[in-house]
Structures are given as structure tokens and as C-alpha cells.
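A short worksheet on the structure shown next.
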Amino acid sequence: MNRFCSRPLFCLIALFISTVSGVDRAAAQPTASRVDITTDVVYGHKHGLAMTFDVFQPQSANGAGVLFMVSGGWYSNWSPPEQLLGLLRPLTDAGFTVFAVRHGSSPKFGIPEAVSDVRRAVRVIRMRADEFGIEPERLGVFGMSAGGHLSLMLGTTGDDGNPDVPDAVDRVGNRVQAVVAWVAPTDLTILIHSSPESLPAHKNFPALDLDPRAAADHSPLTHVTADDAPALLLAGDADDLVPIAHSRRIRDEFQRVGVTHELIEFPGAGHGIGGEQLAQGTRAMVDWFRDHLLED
């Protein structure tokens, strides 16, 4: 969600890669671990289309998995896996197996469908954990902007599956054990087109043409409970697209009910966090997943 970029996820990824992997490229190359990439793993179908994720398995895997929500403006763009690997390197170098999850995209599919899709992806990954070399109860998730929103929805609305349904996938739980959300919208009711608080830039996102009840139902802020996954929030205090109030309000709710959380605020940063602030946030993200997904 970036009003200066027609392909917001691509712009965020490009900024991330250029900053994190470019800080000391020459020094980083000798220590980068080998990563095996499995592309286009199907986790479901809708309207005759396959829903897929790519798997990035480091040679020295630590047994934990992290889902990356491939989403900007609730549009899930395909990128070459080698390009995504630049974004995911800090995690794979730390031993995490990463799953780049794509969902049904706006405007064909709305936010409720995107949330449903990524929930199913968690179930499938947990169901096939042995195949991917991970522990089923060591799953984290992260995303940027709309991807951060989807990450928080997974962290605040997880369930243990329904043993009475015919689909074996739906009998598997979709809870995650850790969340990292960058510049994430947490209250859709003030972003949707019909809201008096909606900004002109929000009209550029068809996914936000949502009725108020659906917006509330798909806002992480309305679902915070004491059993939510530990959440790291990262936001810029000069973000005029998703104001930092979104992160501060859900932080306050996490604090109220006792959810483990942290909010890192970047002074002067807008919706696209860059430079040393991005590198700092990336280190914090890797540490968060280490702390909450790995055994002591």
C-alpha cells in the first residue's frame, strides 16, 4: 500500500533487498547458506485456479518455519523465487525454512477471501510439516503493509481445526506461534471507502471497498485475546498511508490482555522503511522468531 507505487509489494521488496542485502554484499556472500527452492506448491484451488506457495529450505535448517505473506494492497504478485530469496536471506541464513504464500488477489478476490486463503496455507504447511523438515508447532508469519495485516489476522484468529468436517485440511489447526507485522493496517473500519476517516489514497485500493461489518470482522484490532501469538510491530511515525496509530492501538490491546508484544517505532519513516532503520527492523525480526520459535 504505497501511493507512490503502482505495485506496492514489488516496491517494498525492492527497497528491502537493496538495503538489507546491499549493506555489505561482498562480505555476506561467503557466509550465505545454500537454499533449496521448491516452487508452486499447491495448497488449494478456487475458481479453477491453483493457490500456491514457494518453499525456501536452507541447508542447515533449524526446524522452524516462517510464512511470508506475499501481499501489497491485498494483491499477491508473482515474483521470481530468486528475487524473493534476496528478501528472505536474513531468515534462511538463520536456519528458518520460509514459505512465500500467495493468495487470491484484489480486485477479483477481496480481503475476506485473502484471509481465508492464508489460513488454509497454514493448515497445509502444518499438515505437511514432515515433508518440509519443520516442527508443526513452530510456525511464524510476517508481512509488510497488507501482508502485515494478514499476518496479524493469523496471529489473532487462529483455531485448532474442526474434527467434524470432511476436508482433512480443515481438520488441522491454523494457529501460528509468532508474528512480525511491518507497517500493518489493524483497523480496516477507518480505511474502507465509506469511512469518513478514509484518506484519498485509500481509494486506490479496490480491496478497501468493503462494507463496515466485513471490515470489522477482518480487523486484527477487534480480535485481540490473551491466547494470541507473540507479535512484533514495526512502523514509521511519519507514515501517512497507514498511520502509526494502527500499530499503537493494537499494541495497547495486546498490553491490556497480556499478549507478548513489542512495537518498534522508526522516527521520520513513512510507509516504506529503508536504510539503517530497515536493517535494524530486520535484525529484530530474526531475533523475534529465534526467541519464539526455537527451543532454549
Q: Report, ordered by the first and then the second residue, all pairs with beta carbons closer than 6 Å, sequence separation of six or more or different chains, a first member in region 253-274 that is surrounded by 20 or more Cβ atoms within 10 Å (Cβ to Cβ), and a second member that is among the acidic types (Asp, Glu).
A: VAL259/ASP228; HIS271/ASP239
Q: Assess whether GLU135 counts as being of a type in the set (Asp, Glu) and out of contact with any Gly (no Cβ under 7 Å at 6 or more places or on another chain).
A: no
Q. Got at least one residue in region 156-171 being closer than 24 Å to ILE190 by Cβ and either touching a Pro at 6+ places or on another chain (Cβ under 6 Å) or in a loop (DSSP other than H, G, I, E, B) (or both)?
A. yes
Q: Inspect region 248-258 for any residue being among the β-branched types (Val, Ile, Thr) and outside any helix (DSSP H, G or I) and give the result as yes or no.
A: no
Q: Please go through region 194-223 and pick out each residue that is of a type in the set (Ser, Thr, Tyr) and either part of a loop (DSSP other than H, G, I, E, B) or closer than 17 Å to GLY104 by Cβ (or both).
A: SER194, SER195, SER198, SER219
Q. Can you pull out the residues in region 229-247 that are touching an Asp or Glu at 6+ places or on another chain (Cβ under 9 Å), in a loop (DSSP other than H, G, I, E, B) and in contact (Cβ under 8 Å) with a residue 40 or more places away in the chain?
A. PRO230
Q: Read through the list (1) in contact with an Asp or Glu (Cβ under 7 Å, 6 or more places away or on another chain); (2) surrounded by fewer than 24 Cβ atoms within 10 Å (Cβ to Cβ), then give the number of the only condition that GLU137 fails.
A: (1)
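Filter region 38-61 down to the residues that are part of a strand (DSSP E or B) and exposed (fewer than 14 other Cβ atoms within 10 Å of the Cβ) and list them by number.
Of the residues in region 38-61, the ones part of a strand (DSSP E or B) are 38-46, 49-58.
Residues satisfying the conditions are THR39, ASP40, VAL42, HIS45, LEU49, ALA50.
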Q | PRO196 being surrounded by fewer than 17 Cβ atoms within 10 Å (Cβ to Cβ), farther than 14 Å from VAL98 by Cα and touching a residue at least 24 places away in the same chain (Cβ under 8 Å) | A | no
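Please pick out the residue among ALA284, ALA279, ALA226, ALA184 that is modelled with pLDDT of 95 or more, aliphatic (A, V, I, L, M), more than 24 Å from ALA114 (Cβ to Cβ) and in a loop (DSSP other than H, G, I, E, B). Can you show your working first?
Numbers: ALA284 fails: in a loop (DSSP other than H, G, I, E, B); ALA279 fails: in a loop (DSSP other than H, G, I, E, B); ALA184 fails: more than 24 Å from ALA114 (Cβ to Cβ).
Going through ALA284, ALA279, ALA226, ALA184 in turn, just one is modelled with pLDDT of 95 or more, aliphatic (A, V, I, L, M), more than 24 Å from ALA114 (Cβ to Cβ) and in a loop (DSSP other than H, G, I, E, B): ALA226.
Here is a yes/no grid of residues against (1) buried (at least 17 other Cβ atoms within 10 Å of the Cβ); (2) over 17 Å from the mean Cα position of the chain (by Cα); (3) over 21 Å from ALA146 (Cβ atoms); (4) polar (S, T, N, Q):
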| position | (1), (2), (3), (4) |
| --- | --- |
| LEU85 | yes, no, yes, no |
| ARG89 | yes, no, yes, no |
| GLY104 | yes, no, no, no |
| PRO107 | no, yes, no, no |
Q: Name, by its number, the condition in (1) over 19 Å from ASP239 (Cα atoms); (2) crowded, with 24+ Cβ neighbours inside 10 Å that does not hold for ALA146.
A: (1)
Q: Quickly run through region 205-247 and pick out the residues that are in contact with a Gly (Cβ under 6 Å, 6 or more places away or on another chain) and within 23 Å of TRP288 (Cβ to Cβ).
A: ALA226, ASP228, ALA229, ALA231, LEU234, GLY236, ASP239
Q: Pairs only if they're at least six apart or on different chains, beta carbon under 7 angstrom, first in region 24-52 and under 17 Å from MET69 (Cα atoms) and at pLDDT 95 or above, second part of a strand (DSSP E or B) and polar (S, T, N, Q); list them, first residue then second.
A: ASP40/THR52; VAL41/THR52; VAL42/THR52; TYR43/THR52
Q: Could you please let me know if MET144 is touching a Leu at 6+ places or on another chain (Cβ under 8 Å) and touching a residue at least 12 places away in the same chain (Cβ under 8 Å)?
A: yes
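Considering each residue of region 53-95, count those that are among the acidic types (Asp, Glu) and at pLDDT 95 or above, and give that number. Let's see the steps before the verdict.
Quick first cut of region 53-95, residues among the acidic types (Asp, Glu) only: 54, 82, 93.
From the residues that got through so far, the ones that are at pLDDT 95 or above too are 54, 93.
Number satisfying all stated conditions: 2.
The values are calculated or read from the model by the stated rules, or taken from the named source; none is laboratory data. Not measured: the values here are computed from a predicted model. Glycine gets a Cβ as well: all are built from the backbone with ideal geometry, and neighbour counts include every protein chain shown.
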